[in-house]
Structure formats: C-alpha cells, structure tokens
Amino acid sequence: MSLPPTFPVTDPFVRRSRRLGSGAAFYLQASIVVAFLAASSAPTPLYAVYQGEWGFSPITTTMVFGIYALAVLAALLTVGSLSDHMGRRPVLLAAIVLQVVAMVVMTTAGGVPELMIARVVQGLSTGAAVGAVGAGMLDLDKAKGTIANAIAPMTGTATGALASGLLVQFLPAPTHLVYLTLLTVFILQGIGVALMRETSEPKPGALASLRPRFGVPKAARGPLLVAAPVLVAVWALAGLYGSVIPAVIRSVVGSDSLLLGGLALFALAGSGAVSVLLLRNVAPGRVMLLGTVALIVGVGLTLLAVDHNSATGFFIGTVIAGVGFGGGFQGAIRTIVPLAAPHERSGLLSTIYVLSYLAMGLPAVIGGFLVVYGGGLLPTTREYGIAVMALGALALLGLAIPRRGTVTTESVVVSSSVPAPLKAAVREAEYAKR
C-alpha cells in the first residue's frame, strides 16, 4: 500500500529532520561572521587597482574605508539587538540579502560613488548580522559561543584580506572575482539560514530597541578614562591597516604586488585573533596591560622597519601590534563593562561603540588628507604611528595609578538591549572567571 501523498509534508519527524541540527547551525553562524568580516576587508588589496583605474587620491581611499566604519556603527547602535525581539533568522536573512546587494554593486561598480554606496550597504549589513549571530551562537552553546564571538571577527578580517590578496594577485578580473566568490558564499549561507531552527522567541519592544542609549555610570568613569586611549589606539591602528598601510608596505618592499596589502592586514588581524584565544582566561587588567605594551612595541618596530625598508621587520612589528590590538580591546571591554549595573550597561556599551568605531574611521580619513596635503605617505605613517604609541603610553600611565576597589564579573547579568557583540565580550568575562 502506498503512503498518502500528504505524509512526507505533514509528519512532524520529517519536518524536523529538514532543519539543521544545533551543531551545524552553530558552525553556519560562525561562518557568517567570518564571511561578513572577510567581505569587509576584501577591498583592501584592491584600493591600488581602483586608484589606478579611477584616478582618485589617498583621501578617497580612506573615505571609502571610513564610511564603512560609520555604517557599521550606525547599525550596531540601532539594529544590533533587534534579533532579541524579532528572532535570529529574519535578521540574518535580511543582512545576507543586503550583503548580496553590496557584492553585486561592487562587482559592477564603475566609479567611487558606487563603491561608497556598496560600502554603506555592506556596513549596515555587517552591523546587523554580527548582533544576531553573536546572540545566536550563545543560544546554541554558551561556552563555544563565547570563544567564537571573540575570535571569529578578527579571523574573518584576516582571512578576507589574505584570500582577496591571493585572488587579486594571481587570478584574472581582480575587481570582479573576489566579490563573485563572496556572493556565492552568501547565497549558500542564506539557504543554510533558511533551514535553521529559530533559537529566540519573538518578544515585544522591537521599535524601542532601535533607540541608542548613551551613558557612563559613575563607577565606570575612571576605568573608561584609563581604557579610552587603548580603545582609540587599537581601532585607529586597524583603520590605518585597512586603508593606508597597503601602499606603505608596497613602498617598503619596492614592489607593486597587490598581495602585500592583504598580507599586512592578515598579520595584524590574525595575530589579534590568536591573542584573544590564548588570553581569554587571563585577568582582564593583565590582558589590557599586556595588550598595551605589545601595541607600543609592535608599532615602534613597524615604524623602524619602514624607516629602514625592512619587510621582515615590518611584519614582525605588525604581528606584535596585532597582539596589542586583540589584547588591548578585549582587556578594556572586560575591565569596564562589569562595573555597570544591568540597567546601565546598554548606555555604556553604546558609548564604547561610538568611541571605537569613530577611532577606526576618522583618523584614517585624516591620515589620507595628510598624505595628500601634508608630508606624504611615509611621514604621515610615522606621525600616525607615533600618535598611536603616545596613546598607549598614556594608557600605561593610567594603569600604573592605583585604583580603589576590585571588579568581579561572576554575577554580571547582560541586558537584552545590549548589542550582541559586546554582550559576548561580557559573557566571555563571566566564563573566564568560572
């Protein structure tokens, strides 16, 4: 006897079996973070190509980078916690659609305006996605999700820069192939998200969650003042490597290889990801101290290498600076956030977001302006690096001043209105104390 034709559709077991298991869903979401951040760094090796084809100045390069950072910030501050109210899958699907649109625009771009539009769409998409993914991975596995949230963004940045550099250097159609590859990845991930189970029940308050909340509670003001130079320094350094450094390393090596720009960002972000993983169980204050020292030493070695045209010294300095990037940021977040009460945490995190992403975008644009109207590429890089080191030294001075009281993170409760990427940093602090 044949089964009724409706059996395969109505049987609950069959319907459930068509959904991804929790393990597959976890790794899918981790891959989305990696792919989105890879897409964000993919244009870095291509800036020289665009500059040659369209004839724009370094100011434009840094503006293209800076507008992306501001778009990410806008999304994080508004829709960063939207998935807590609408569910993870709808937000992720919308973010992936936006990424597909951005890749199509980048593939067909014929000038700077299209590139700028694509970067804005890409930034909004990334800011929305990392919130949903960060929370979604924690829904499925708090321990693994904490670690993945900490290392996946830097891993994606590193992977995107290196893979883009390789494709651009060795394969044809440099301004198309990278984006078409990413476009294919995003379509496959969209199919995967459509097959995921929802891990968060929708709840009211979606419109209210779109309103950013700013504020620094009294208990966190002193530590934030100490950590602010570290936050500005590490994100300003990331902005430099994402915009100007590709041209610097080509000048140091004396080569037109487009792969070098991707390798530089890969070294910075990759070592940052490794440092976050290795230092996740170290006390936050020590992590910030180690990160600050590594930042100063790494940037100093990099500047010396630039002065002496040493490619080896440049990459050694960059790797050490990357340890400073990862350690300084994670240490600062894990030191400051637990000082705020649950109802104060959303405002504090929004303040940290604004500080960090403005530090990534605005100094890079100023650097591009100085390259054109100041002393040129290498003198501007030297001045930029010295400013980063000075901020690190200021942070060390603040860390050397004794402060009353200690921080415990064992009882931290994270508000649902907190944007998920920094929420993950708070949970990392909790997990490390257990």
**Request:** Given the conditions (1) open to solvent by 30 Å² or more (accessible area, probe 1.4 Å); (2) at pLDDT 90 or above; (3) within 17 Å of the chain's Cα centre (by Cα); (4) not basic (Lys, Arg), report the number of the one that Tyr68 does not fulfil.
**Result:** (1)
**Message:** With the structure loaded, tell me whether Ala109 is in contact (Cβ under 8 Å) with a residue 40 or more places away in the chain, open to solvent by less than 30 Å² (accessible area, probe 1.4 Å) and among the aliphatic types (A, V, I, L, M) or whether it fails that test.
**Reply:** yes
**Asked** Can you tell me how many residues in segment 362-390 are open to solvent by less than 40 Å² (accessible area, probe 1.4 Å) and in a helix (DSSP H, G or I)?
**Response** 10
**Request:** Give Ala269, Ala238, Ala247, Ala264 a once-over and let me know the one that is open to solvent by 10 Å² or more (accessible area, probe 1.4 Å) and within 22 Å of Ala152 (Cβ to Cβ).
**Result:** Ala238
**Asked** Looking at Thr175, Thr155, Thr159, Thr184, which is the one that is of a type in the set (S, T, N, Q), more than 21 Å from the chain's Cα centre (by Cα) and open to solvent by 40 Å² or more (accessible area, probe 1.4 Å)?
**Response** Thr184
**Message:** Tell me yes or no: at least one residue of segment 173-183 is aromatic (Phe, Trp, Tyr) and at pLDDT below 90.
**Reply:** no
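Does Ser255 satisfy being of a type outside the set (D, E, K, R), surrounded by fewer than 24 Cβ atoms within 10 Å (Cβ to Cβ), without any contact (Cβ under 8 Å) to a residue 60 or more places away in the chain and assigned to a loop (DSSP other than H, G, I, E, B)?
Yes: the conditions hold for Ser255.
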**Request:** Report the residue count in segment 325-355 for those that are assigned to a helix (DSSP H, G or I) and farther than 17 Å from Leu237 by Cα.
**Result:** 17
**Prompt:** Going by the structure shown, is Tyr357 open to solvent by less than 50 Å² (accessible area, probe 1.4 Å), of a type in the set (Phe, Trp, Tyr), farther than 16 Å from Arg213 by Cβ and modelled with pLDDT of 85 or more?
**Reply:** yes
**Message:** Condition first: of a type in the set (A, V, I, L, M), over 30 Å from Gly145 (Cβ atoms) and open to solvent by 10 Å² or more (accessible area, probe 1.4 Å). Now tell me which residues in segment 30-56 satisfy that.
**Reply:** Ala48, Val49
**Request:** Have a look at Leu77, Leu73, Leu98 and point out the one that is touching a Pro at 6+ places or on another chain (Cβ under 6 Å) and within 30 Å of Leu240 (Cβ to Cβ).
**Result:** Leu77
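Say whether the condition of being part of a helix (DSSP H, G or I), β-branched (Val, Ile, Thr) and without any contact (Cβ under 8 Å) to a residue 40 or more places away in the chain is met by at least one residue in segment 313-324.
Step one: list which residues in segment 313-324 are part of a helix (DSSP H, G or I), which gives 313-324.
Narrowing the set further to residues that are β-branched (Val, Ile, Thr) leaves 316, 318-320, 323.
Subset that is without any contact (Cβ under 8 Å) to a residue 40 or more places away in the chain: 316.
Yes, that holds for at least one residue.
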**Request:** State whether the residues of segment 119-130 include one that is modelled with pLDDT under 85 and either in a helix (DSSP H, G or I) or open to solvent by less than 40 Å² (accessible area, probe 1.4 Å) (or both).
**Result:** yes
**Complete:** Per the filter on segment 162-172, residues surrounded by 19 or more Cβ atoms within 10 Å (Cβ to Cβ), out of contact with any Leu (no Cβ under 6 Å at 6 or more places or on another chain) and among the hydrophobic types (A, V, I, L, M, F, W, C) are Leu162, Ala163
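Out of Pro402, Pro421, I need the residue that is assigned to a helix (DSSP H, G or I) and either farther than 18 Å from Leu224 by Cβ or at pLDDT below 90 (or both). Which one?
Pro421
Can you go through Leu92, Leu140 and tell me which one is buried (at least 24 other Cβ atoms within 10 Å of the Cβ) and within 22 Å of Phe26 (Cβ to Cβ)?
Of the residues listed, the single one that is buried (at least 24 other Cβ atoms within 10 Å of the Cβ) and within 22 Å of Phe26 (Cβ to Cβ) is Leu92.
The values are calculated or read from the model by the stated rules, or taken from the named source; none is laboratory data. Since we're looking at a predicted model, the values are computed, not measured. All Cβ positions, glycine included, derive from the backbone under ideal geometry; neighbour counts span all protein chains shown. Note: areas computed on protein heavy atoms with side chains; ligands, DNA, RNA excluded. Shrake-Rupley method; radii C 1.70, N 1.55, O 1.52, S 1.80 Å.
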